[in-house]
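The structure appears right after this line, and notes come after that.
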Amino acid sequence: MRAWRTASRSWLHGRQVNSRPFSGSSIYNQRRDVADILKNGKNGDTVSATGWVRSVRKQKRIAFAAVGDGSTTEALQAVLKPEDAAELSHGTAVELKGEWKASVGSKQSHELQVSSLDVLGKNDAESNPLQPKYQTPEYLRSIPHLRPRIATNALLLRLRSKLIASLTNFFDKQNFVQCHTPIITSSDCEGAGEVFTVSANASKDQPVSKLDSPVEHFFRTPKYLTVSAQLHLEALAQAVSKVWTLSPTFRAEQSDTPRHLSEFYMLEAEICFTSDLSDIMDVVENMLRSSVTSLQSAAVWTELLNVKQTAPDDDNEDGKFVTADVLQQRWDGMAALNWPRITYAEAIDMLEDAKTTANGSFTFEPSYRNGLQAEHERYIATSVGKGRPVFVTDYPRVQKPFYMPPSVSTSNSKGSPDTVACFDLLVPDLCELAGGSIREHGSKELLEAMRQKGVVGKDLEWYQDLRKYSSVPHGGFGLGFDRLICYLAGVANVRDVVAFPRWFGRADC
């Protein structure tokens, strides 16, 4: 293989460099989004804006249209001639030009006195599934291709975008390398068996008589949609020390709860040259605190609070409406310093003690052997964290996957020979948000753990190779990104923060 070399620069010497700055058309540059106009518009400005009509009020001599473009939950009020508003209805796409002037009304400081209006996209208002009235979350899930047009749903898209940008900035400053791991894999990372198998059978137009034919393995042997990027990230970390990814994952788990999806995004990271679980928890804590703190100065945070202050209490069909005060507590808790860290054994002791109090009534009896139920995690997050997230460490080995080493084999361990060096991050209401561990880096130790868990020979030979060839102590974590959006947005159902949600029995669009 020939070595890569820089190309000759001689071709540049006689070439005229285009000094024009990157730009679109002059018309596009003159157009401003609604958020910019509302925030920075000056009285007397000539304004050009595009968007969708949210409401229209037509009077004898004048008409008013509320227009939004998704850049903010607020709408721009346009003042029109009645004849110009004749074709307008909820959802019509328009381009407006006019003068930005102080408003006579008290509901807004300024309004757009429209001198020119073009209808860019007509709308059949009567048959449109989206109507300017309250529509239940369950109904809106049936039209995911239209649901994002609602102002609060557009806000969730912008929150997701801002959060990704903030996380990317954090990892870049910490010298992590962002990686893309495969979606099609040869193994089940968790060993739970709840995976989607990839086949190469004919298209959906295949005759019904052939639908029961044997599965064709396109890759010769069974392959699956990934349940985690962890194993591949471990391989990449051995090259550049610190890696992270934000990628889709898939679980064929037949759970129909507000917390579960069949396709969701996981933020995962792996770090080499550490055998101390605290190092991994420090990254998680600093990452979330940094991202939330940076977003508190962004417009999306102010808009989220405003939505919670004005939304009706019946905005959630699950009866778990999150108020503005609760949302403020969540963000403040994430931004706080020194998140509590307790062991699994300490958590069980706390739950046992809580049974004697009025606040400690549990449906499931706390048990060291049976693990923490959602109600237990909720109690711990509330009573121990007091608004802050809580790390629970050193779970029993029988409850965790094969790649987690005994607690006592790691640095500064607080566990026992029967526990592993791992953690779950719990937050109020939502419960588990993230999980991580030190990874077993010894070749013999890993093989023995795989034997005990019954995963030897399940296309993990390449993973064992990582331990044979100069492996180092390392660890990592995975965080449910969609759950994080739920928590920060005050949305109870994860299906309402994903643009096109897939869950058991449903994959619309």
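The values are calculated or read from the model by the stated rules, or taken from the named source; none is laboratory data. What you see is a predicted model, and the numbers here were worked out from it, not measured in a lab. Note that each Cβ is placed from the backbone with ideal geometry, even for glycine, and that neighbours are counted across all protein chains shown. Quick note on the areas: whole protein, heavy atoms, side chains included, nothing else; ligands and nucleic acids left out. Shrake-Rupley method; radii C 1.70, N 1.55, O 1.52, S 1.80 Å.
Values as computed for the structure displayed
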| item | result |
| --- | --- |
| Residues satisfying the stated conditions in the stretch 345-384, i.e. farther than 19 Å from Gly415 by Cα, modelled with pLDDT of 90 or more and among the hydroxyl-bearing types (Ser, Thr, Tyr) | Tyr379, Thr382, Ser383 |
| Any hit, the stretch 381-397, residues being without any contact (Cβ under 8 Å) to a residue 40 or more places away in the chain and of a type in the set (Gly, Ala, Ser) | yes |
| Qualifying position, being over 35 Å from the mean Cα position of the chain (by Cα), within 29 Å of Val300 (Cβ to Cβ) and exposed (fewer than 15 other Cβ atoms within 10 Å of the Cβ), among Gly121, Gly98, Gly105 | Gly105 |
| Of the criteria (1) out of contact with any Asp or Glu (no Cβ under 7 Å at 6 or more places or on another chain); (2) surrounded by fewer than 18 Cβ atoms within 10 Å (Cβ to Cβ), which one Ala75 fails | (2) |
| Count of residues meeting criterion [more than 16 Å from Trp339 (Cβ to Cβ), among the aliphatic types (A, V, I, L, M) and touching a residue at least 60 places away in the same chain (Cβ under 8 Å)] in the stretch 410-456 | 3 |
| Residue count for the stretch 225-237, restricted to those that are open to solvent by 50 Å² or more (accessible area, probe 1.4 Å) and not in a helix (DSSP H, G or I) | 0 |
| The stretch 454-479, residues that are under 20 Å from Ser291 (Cα atoms) and either out of contact with any Lys or Arg (no Cβ under 9 Å at 6 or more places or on another chain) or among the basic types (Lys, Arg) (or both) | Phe477, Gly478, Leu479 |
| Boolean, Phe500 is at pLDDT 95 or above, open to solvent by 30 Å² or more (accessible area, probe 1.4 Å) and more than 15 Å from Leu236 (Cβ to Cβ) | yes |
| Residues satisfying the stated conditions in the stretch 409-446, i.e. acidic (Asp, Glu) and either open to solvent by less than 10 Å² (accessible area, probe 1.4 Å) or closer than 30 Å to Gln328 by Cα (or both) | Asp424, Asp429, Glu432 |
| Thr393 being of a type in the set (Val, Ile, Thr), on the phi < 0 side of the Ramachandran plot and buried (at least 20 other Cβ atoms within 10 Å of the Cβ) | yes |
| Test: residue in the stretch 435-444 that is charged (D, E, K, R), at pLDDT below 95 and touching a strand residue (DSSP E or B) at 6+ places or on another chain (Cβ under 9 Å) | no |
| Any pair with Cβ under 8 angstrom, 6 or more apart, that starts in the stretch 94-121 at a residue that is among the polar types (S, T, N, Q) and ends at one that is open to solvent by 40 Å² or more (accessible area, probe 1.4 Å) and outside any strand (DSSP E or B) | Ser103/Ser109 |
| Tally, over the stretch 254-281, of residues that are open to solvent by 20 Å² or more (accessible area, probe 1.4 Å), part of a loop (DSSP other than H, G, I, E, B) and over 19 Å from Asp496 (Cβ atoms) | 3 |
| Sole residue being among the hydrophobic types (A, V, I, L, M, F, W, C) and touching a helix residue (DSSP H, G or I) at 6+ places or on another chain (Cβ under 7 Å), chosen from Ala449, Ala421 | Ala421 |
| Residue that is most open to solvent (accessible area, probe 1.4 Å) [pool: residues in the stretch 55-70 that are part of a loop (DSSP other than H, G, I, E, B) and out of contact with any Leu (no Cβ under 9 Å at 6 or more places or on another chain)] | Arg61 |
